[in-house]
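Right, one structure below, let's go through it.
The values are calculated or read from the model by the stated rules, or taken from the named source; none is laboratory data. It should be emphasised that the depicted structure is a prediction, and the values quoted were computed from it without experimental measurement. Note that we place each Cβ from the backbone using ideal geometry, even for glycine, and neighbour counts take in every protein chain shown. Each accessible area value is taken on the protein alone, full model and side chains, heavy atoms only, with ligands, DNA and RNA left out. Shrake-Rupley method; radii C 1.70, N 1.55, O 1.52, S 1.80 Å.
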Amino acid sequence: VPSSVNGVNGLVNGGKASSQGLEFSSAFRATERLQLGLNVSYTDSSLKDDYPTIVIPSGPYVVELNYGLAGDVMPYVPEWSWSITADYRFPLANGWNAVVGGGLRWVDDRLSGTSERQVVLLDDTVVDSDLTLPLVLDSYHSLDLYASVSNESWTVRAYVKNATDERAYTRMTDIGNLVTGADDNVLATPILPRTFGIEFDYRF
């Protein structure tokens, strides 16, 4: 697993973790032309061991760092997520067919990392202890819409992704000041904003 000490990144053995859950997926043809879909998943994932302790001598003190603690939820794993889809197909004139549909998905809250614990020792006596919890990425939903017309050779497809222009993030991390220790800013990766597109396919 990734580990960082004073801005220096590396990998350490993370010990044991577990991930278990359930997933349900179904497709239902409501009519000859309309098909509905549903997917729901539940995931319970957590660390079973503390990350290895990093020991840093600091003058008369000894600093012990743990960048992950037993019981922490695995980073970026939502507990719940679901999606629903609908597709409606119908014929047009002169050998053309059309499809209109959409999909709505929802992703639960996630954590950006694991707990960080710092313990300061003096002659094996704890003189200070600090616990920093990871950032929480809020849940979000995203709606995609699409329509297409096609015949034996041509397909013309139009779509709108994230039609409601939902603002959310897939990853997030705070950047600390190595001198003061304060968090200066947050770096985050947003989900795709509202996006329009048109595609043309020709089969030969």
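Taking a probe of 1.4 Å, how large is the accessible area per residue of the range 21-148, in Å²?
On the way: 7690 Å² over 128 residues.
For the range 21-148, the solvent-accessible area averages 60 Å² per residue.
Treating only the Cβ of Lys, Arg, Asp and Glu as charged (+1, +1, -1, -1), what charge dipole size does the chain show about its Cα centre? Round to the nearest 20 debye.
That gives a dipole near 1200 debye.
Would you kindly state how much longer the chain becomes between Leu34 and Thr132 on full extension, computed as 0.36 nm times their sequence separation minus their alpha carbon distance, in nm to one decimal?
Length gained, Leu34 through Thr132: 30.3 nm.
List the trypsin sites (Lys or Arg not before Pro) in the range 9-40 that DSSP assigns to loop (not H, G, I, E or B) and whose Cβ has at most 13 other Cβ atoms within 10 Å. Which are they?
Lys16, Arg33
With all protein chains present, how much of the accessible area of the chain (probe radius 1.4 Å) comes from carbon and sulfur, to the nearest whole percent?
55
If you put +1 on each Lys and Arg Cβ and -1 on each Asp and Glu Cβ, how big is the dipole of the range 21-73 around its Cα centre, in Debye rounded to 20? Intermediate results must be reported in sequence, preceding the final value.
Working: 3 positive and 7 negative charges, 72 e Å.
For this selection, approximately 340 debye.
In a Gaussian network model over the chain where Cα atoms closer than 10 Å are linked, find which of Ser46, Ser83, Ser129 has the largest mean-square fluctuation.
With Cα springs under 10 Å in the chain, the top fluctuation among Ser46, Ser83, Ser129 is at Ser129.
Find which of Val73, Asn39, Val126 sits farthest along the positive direction of the dipole of the chain, computed with +1 on the beta-carbon of Lys and Arg, -1 on that of Asp and Glu, about the Cα centre.
Result: Asn39, furthest along the dipole toward the positive end.
Around Arg171, which amide H atoms from residues at least 5 apart in sequence, or from another chain, sit under 5 Å from its own amide H, with H modelled in the peptide plane?
For Arg171, whose amide H was placed from the backbone, the distant partners under 5 Å are Thr189.
With a cut-off of 8 Å between alpha carbons and a minimum separation of six or more residues, what is the relative contact order of the chain in percent?
14
Based on C-alpha coordinates, I'd like the Rg and Dmax of the chain, in Å.
Using the Cα atoms of the chain, the pair Rg, Dmax is 24.7, 87 Å.
Taking the Cα centre of the range 72-149 as origin, work out the dipole magnitude from +1 charges on Lys and Arg Cβ and -1 charges on Asp and Glu Cβ, in debye rounded to 20.
The calculated dipole for the range 72-149 is roughly 840 debye.
Just to confirm a number: summing +1 for Lys and Arg and -1 for Asp and Glu over residues other than Ser139 whose beta-carbon lies under 12 angstrom from that of Ser139, what do you get?
-3
Just to be sure I understand the curve: with the Debye formula and one point per C-alpha of the range 75-163, what is log10 I(q)/I(0) at q = 0.11, 0.12, 0.16, 0.19 Å⁻¹?
-0.57, -0.62, -0.80, -0.91
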